[in-house]
Each structure stands twice: as structure tokens, then as C-alpha cells.
Amino acid sequence: MLEGLKQEVYEANMQLPRYGLVTFTWGNVSGIDRESGLFVIKPSGVAYDALRPEDLVVVDLMGQKVEGAYNPSSDTPSHAVLYQHFPKIGGIVHTHSSWATSWAQAGRGIPCYGTTHADYIYGEVPCVKNLTKTEIEEAYEKNTGLLIAREFAARGLDYEATPAVLCKNHGPFTWGASPAEAVHTAVVLEEVAKMAARCERLNPGNSPAPKSLQDKHYFRKHGAGAYYGQRET
């Protein structure tokens, strides 16, 4: 079932250790087949060097296992909620990458200090608040996804333009049109987090880049008027 998607999600998962985004098993990638309403995700606690495409688990949008020998990632309910609320995404990544997680543990969003950030993520990377004690105890992972979705709606954020979020005291989630694109954003987020931390150390009073510069860099790569890169023929 969904063998092509399993291979795609497997390859995306294997990019996480390759780019230094995970330690041990601290991360996962999923990818969705919108036609069937099923998604594929890394199994819980399986080491990356032992992972095979056939080990990946197929689940439905309620987070229930449909196929697989292993239990799905413990973060599966978070992924399921994000797929429900963000209908244009095709892949999700969750890691505990050190620089992005440091910002999350500090409870701070990552300001857009430069054009590297602006090329990929529109505006600040938001950091959402903690869940309540009741939310943690009742359905922690599901409520994590719901918190992200609620915060994006409340802040009027476009999830396609801002494909990353930090969960306070926890870590980052990123997403994209495909599992590979979600991983790409996770790599960019980690570099942006590192640059921003260094930037603030060098100049503690620094301000975000001017909005005109942010807009120029974001929209030259995204949207109807984009002109960066090569046109498909």
C-alpha cells in the first residue's frame, strides 16, 4: 500500500541525519496521499541506520494505523491534525534540531534578520505558547497540532508562506508541498536559527530586516511575479 509514497518518505527521513537535524531517533517525516486520505510516517523509536522503506507505517487522518508492522511515531496525532487544517501541504517534519530547539526552549520566535530567512520564510518564525496542564494530560500530541493550527489562524498567518513553527519548550515543525520540501525547510530553519542567534550575540540591539527587503526576497522566489531560478519549459 502506497509503496511509492513510502519510498519518498523513507528518503526524506534519511535526509534528517544526513543534515545533522536529528540525534538518535529524535525526529520524523511524514507524507500524505490526499486522494486516499492516508499518510505514511516513520515508526516510533526505530533507529535511522536500521530503517527500511517497508518499515514505514500507513495511518489515516484520525491517526489510526492502517498498515505496518510497527507502531507509528508518537507524533502521529500532531501530523494528522496539521494535514487536516493545512490542506495544501504534502509533507511534515518534526525534529529537535539544536539551534531551532534552543529558540523554542527560550520561548521566542525567530525574527527575520536577513535575506536568507526572507528567501524561504515570510516574516518571523512563530513560537506558540505552552499547552495547558489539561491539554497535555488529555491528548498531548493531538493538542500540539491543534495549538499550531489555532495560533496560525489567530495570527492570520499563511501556512504556505510561513512553513515553520516552534512549539515552546519543545521544538520545531516544518511542512511543504512534499516530504522532500518539508525537509528542505527544516534544513533552512536550522541555519536561520543559528544565524539569528549569532546575530543577536554580535549585536544585541539588532532589528529585523526592513519589510521592503524581506518582501523583495520572498516574492522574487514565490508567487505570480517570481523570477528567481529557471522557468520550466
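The values are calculated or read from the model by the stated rules, or taken from the named source; none is laboratory data. None of the values given here were measured: they were computed from a predicted structure. Here Cβ is always computed from backbone atoms with ideal geometry, including for glycine, and neighbour counts include all displayed protein chains. Ligands, DNA and RNA are excluded from the accessible area calculation, which covers all protein heavy atoms including side chains. Shrake-Rupley method; radii C 1.70, N 1.55, O 1.52, S 1.80 Å.
K65 falls short of the stated requirement of being in contact (Cβ under 8 Å) with a residue 40 or more places away in the chain, open to solvent by 50 Å² or more (accessible area, probe 1.4 Å) and among the basic types (K, R). Take G107 and decide whether it is in contact with a Lys or Arg (Cβ under 8 Å, 6 or more places away or on another chain), touching a residue at least 60 places away in the same chain (Cβ under 8 Å) and surrounded by fewer than 17 Cβ atoms within 10 Å (Cβ to Cβ). When the stated conditions are applied, G107 passes them.
Could you say which residue among L16, L21 is open to solvent by less than 60 Å² (accessible area, probe 1.4 Å) and assigned to a loop (DSSP other than H, G, I, E, B)?
Going through L16, L21 in turn, the sole match is L21.
Among the residues here, A182 does not qualify as open to solvent by less than 80 Å² (accessible area, probe 1.4 Å), of a type in the set (A, V, I, L, M) and in a loop (DSSP other than H, G, I, E, B). Of all residue pairs spaced 6 or more apart or on separate chains, those with beta-carbon atoms under 9 Å, a first member in segment 48-62 that is farther than 17 Å from D75 by Cα and a second member that is among the charged types (D, E, K, R) are L51/K42; P53/E3; P53/K6; P53/E11; E54/E3; E54/K6.
With the structure loaded, tell me whether E135 is closer than 19 Å to R198 by Cα and either acidic (D, E) or at pLDDT below 95 (or both) or whether it fails that test.
For E135, the condition - closer than 19 Å to R198 by Cα and either acidic (D, E) or at pLDDT below 95 (or both) - is not met.
Looking only at segment 189-233, residues that are assigned to a helix (DSSP H, G or I) and open to solvent by 50 Å² or more (accessible area, probe 1.4 Å) come to 10 in all. Among the residues making up segment 91-104, those that are surrounded by 22 or more Cβ atoms within 10 Å (Cβ to Cβ) and either out of contact with any Lys or Arg (no Cβ under 7 Å at 6 or more places or on another chain) or not small (G, A, S) (or both) are G91, I92, V93, H94, T95, S97, A100, W103. S30 falls short on exactly one of the conditions (1) in a helix (DSSP H, G or I); (2) buried (at least 17 other Cβ atoms within 10 Å of the Cβ), and that condition is (1).
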